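Trainee: Let me give you the structure first, and then I'll get to my questions.
Read the figures in this text as sums done on the coordinates, not as results from a lab. Everything numeric here is computed off the predicted structure, so don't read it as measured data. Glycine gets a Cβ as well: all are built from the backbone with ideal geometry, and neighbour counts include every protein chain shown.
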Amino acid sequence: MGRQWLQKNKTITANKKAKITTKLVREITIAAKMGAADPDMNPRLAMAVEAARKQSVSNDTIKRAIQKGSGEGGDGADYETVLYEGMAPHNVPVIVECLTENRNRTGPDVKSLFKGGQFGSKVTFLFDHVGIIDATHDDAGKDPEEAAIECGAQDVVVQEGLEEQAGGRFLTDVADLYAVADALKGEGWAVASAELGYHPKDHVELDGDALQEVEAFFEKLEDHDDVQKLHVGLK
């Protein structure tokens with residue numbers, strides 16, 4: 001997704017702690033289901049737990065989510081990842097990534113939220129499927145492009161506007177995601193998130209009323225409980 005929209009999106013969702021917690025817990029559950037229940041042996045789970053703790057999710061809640069994902073106590077999770085493609089207003093491509101226990105419910109719900117857009121338009125070819133790492137460094141003089149080379153990332157989008165930090169969105173091959181994240185941490189970078197996702201090959205630039213309309217469209221999608229992530233081609 002575009003850097004500008006990403007930052008605004010974080011501001012919007014900061015006031016929706018309950019929904020954020022639900023999505024974080026769901027990510028922990030699915031990570032535990034897909035790999036080991038021990039964060040030390042499951043990088044995706046480790047990142048999910050770390051993200052939850054940054055949002056002050058309690059240890060008991062995290063533990064229950066891991067147990068649900070791993071099937072302990074007979075309460076196994078049956079989530080699946082479902083992707084929906086389409087165009088937001090003003091021809092902004094979007095991939096909606098959902099975690100759901102009932103795709104027959106989720107699909108129609110997401111379709112109903114595409115008012116003003118085009119649900120079902122094929123847009124995956126407009127994105128690269130990559131590892132995406134958002135990281136900052138307290139040394140504002142650090143060069144994200146140099147760090148990308150040293151740590152094995154394929155590319156980096158430098159985060160502008162930081163006064164006392166260096167920041168970037170590091171893009172990796174799918175298989176290298178967690179190795180690059182660990183390498184960045186070893187070089188003193190604070191990794192805010194490390195996940196597989198879809199990075200747009202090109203960005204649509206909007207302003208004024210058009211930008212507000214598209215942002216409102218994305219906000220409605222994000223408010224749905226089953227929507228885990230949005231991947232958008234908006235700068």
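Trainee: Which numbered condition trips up K54, out of (1) surrounded by fewer than 16 Cβ atoms within 10 Å (Cβ to Cβ); (2) in contact with a Ser or Thr (Cβ under 7 Å, 6 or more places away or on another chain)?
Mentor: Single failed check for K54: (2).
Trainee: Testing E150 on (1) over 23 Å from I95 (Cα atoms); (2) part of a loop (DSSP other than H, G, I, E, B); (3) among the acidic types (D, E), one condition comes back false. Which one is that?
Mentor: (2)
Trainee: Go through the range 96-132 and count every residue that is in contact with a Lys or Arg (Cβ under 7 Å, 6 or more places away or on another chain) and in contact (Cβ under 8 Å) with a residue 60 or more places away in the chain. Working first, answer last.
Mentor: Pass one, the range 96-132, residues in contact with a Lys or Arg (Cβ under 7 Å, 6 or more places away or on another chain): 97, 99, 113, 119, 126-128, 132.
After this cut, where a residue has to be in contact (Cβ under 8 Å) with a residue 60 or more places away in the chain as well, the list is 97, 99, 113, 126-128, 132.
Counting residues in the range 96-132 that are in contact with a Lys or Arg (Cβ under 7 Å, 6 or more places away or on another chain) and in contact (Cβ under 8 Å) with a residue 60 or more places away in the chain gives 7.
Trainee: A further question on this structure: All but one of (1) farther than 28 Å from P43 by Cα; (2) within 17 Å of the chain's Cα centre (by Cα) hold for H203; which doesn't?
Mentor: All conditions are met except number (2).
Trainee: Same structure, new question: Quick one: in the range 190-234, which of the residues that are free of Cβ contacts under 8 Å to residues at least 40 places away in the same chain and part of a loop (DSSP other than H, G, I, E, B) is nearest to A31 (Cα to Cα)? Give the derivation first.
Mentor: Step one: of the range 190-234, the residues free of Cβ contacts under 8 Å to residues at least 40 places away in the same chain are 205, 207-209, 211-212, 216.
Pick out the ones that are also part of a loop (DSSP other than H, G, I, E, B) and you get 205, 207.
Working: E205: 34, D207: 37 Å.
It comes out as E205.
Trainee: Return the residue satisfying two criteria in turn: it lies in the range 179-222 and is aromatic (F, W, Y) and under 30 Å from T106 (Cα atoms), and of such residues it is surrounded by the fewest Cβ atoms within 10 Å (Cβ to Cβ). Spell out the reasoning first.
Mentor: So the first thing to find is which residues in the range 179-222 are aromatic (F, W, Y), and the list is 189, 198, 217-218.
From the residues that got through so far, the ones that are under 30 Å from T106 (Cα atoms) too are 198, 217-218.
On the way: Y198: 25, F217: 21, F218: 23.
Among those residues, the one meeting the criterion is F217.
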